[in-house]
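All remarks here apply to the structure that follows.
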Amino acid sequence: MSKQAINHMDNRPALNGQGASKKGLGISISKYISYFFLISLCLIWVIPVIFGVSTSFRSQTEVVSSGFRLFPEQWILENYVKILDNTSTAPILRWLMNSLFIATLHTFLVVVIISITGYGYSRMKFKGRDTLFFTLLGISFFPGVVNLIPSYKIIDALGWVNTSWAMIIPGLAGMGNIFLVRQFMNGIPRELDESATVDGASDFRIYASVILPLMKPILIVCGLFSFTGSWNDFLWPVIVFTDVDKMPVTAGLLLLQDIYGNYRMIGQLMGSAILAIIPTMLLFLFAQKYFVQSINLNSGIKG
C-alpha cells in the first residue's frame, strides 16, 4: 500500500471525529435551548397558580398591606373556614356537587353518543355519509357564541332554565369529539368486522363487542375533554341559572365577586377558586397517561 493511501486512512477517523463532535455540540445547544424554553413556559404557568394558592392562606391584612410575596408570612385556614361556613349566600359545597353531577352525566352521555355516531360515520355505508359528516364538521367551526340566543330560546321553551338539563343536553354531539372517534376507528382493521359478520354478528354486536373495547383510549380522552369543558364552562351557566342553590361552581364564582369583592375579601375569593379547580386537577393527574396515548390515534390497535 502506498504512503499516500496510508496517510489518507490515518486522517479519515480524525475528520469523522471532528464531524461527530460538531454534530454533538449542535445537539447539546438545541437541547439546552429547548430546556430553557420549556422551563420558562412552565414558570409562566406555575407561578400564578402558586401565588393564587398562597393568597388563599393569607390574612386580609397581609393581602392588603404587603406587596408581591410568593408565600405568605403566616399560613392561616380562616379563609377556608369562612367559605365552608357560608351556606346561605355562597354555598360552595352545593355548587361543587352541582358541577360534579352535571359534568359526570354530560360526560357519560357524550361518550355513548360519540362512540355510536363515530361508528356510523366510519363503518356503516349510506348515501351522503361523507357529505353529511364534512358539512356538520364545517358548521362546527362557527363560534359558539352565535348559538347563544337560539339555544336559550330552545331551553326556555323546554322549561329547562334553572335546571341541570340546560347544561347536560347541549353539546352532547360535538363534532370535534366525533371527528377524533371517526379517525381513530378508521385505523381499526376492517377484517375484524368481516370476521364478526361471517360469525353472524349484527352491526350492534360488532360495535359493542369488537369496536368499542378497542376505542377505550380515545373515548377516555374525549371524556376527559368533555368533563373539563363542562366543569369550566362559564358563559352558558351564567345565562341559564339564576337560582343560587342550583348554580354550578363557575356561575357561583361570578356571584362571589359581588359577595367577597365589595368587602375586599380577596383571600376567601381566591380560596373559592382553588376549591373549584381541585377536581379537574385530580382528574388530570390520574388520567394523564391517556392524554399521551391520544397522540397516536391508532394506539388502541396492537399488532
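What the Cβ-Cβ distance of Leu100 and Phe68 gives, at R0 = 35 Å and to the nearest 0.05, is a FRET efficiency of 0.50. Binning the alpha carbon pair distances of segment 40-111 at 10 angstrom intervals from zero yields the distribution 16, 29, 30, 20, 4, expressed in whole percent. In order along segment 84-99, the Karplus-derived 3J(HN,Hα) couplings, from 6.51 cos²θ - 1.76 cosθ + 1.60 at θ = phi - 60°, round to 6, 6, 7, 9, 9, 8, 9, x, 4, 5, 5, 4, 5, 5, 4, 5 Hz, and Gly and Pro are given as x. Other residues whose C-beta falls under 15 angstrom from the C-beta of Pro170 contribute a net charge of -1, scoring Lys and Arg +1 and Asp and Glu -1. Counting neighbouring Cβ atoms within 10 Å and putting the fewest first, the residues Arg190, Arg129 line up as Arg190, Arg129.
Where a number appears in this text, it was derived from the coordinates with a stated rule and is not lab data. Just so it is clear, the structure is predicted and the values come from calculations on it, not from any experiment. As a convention, Cβ positions derive from the backbone with ideal geometry for all residues, glycine included, and neighbour counts pool all protein chains shown.
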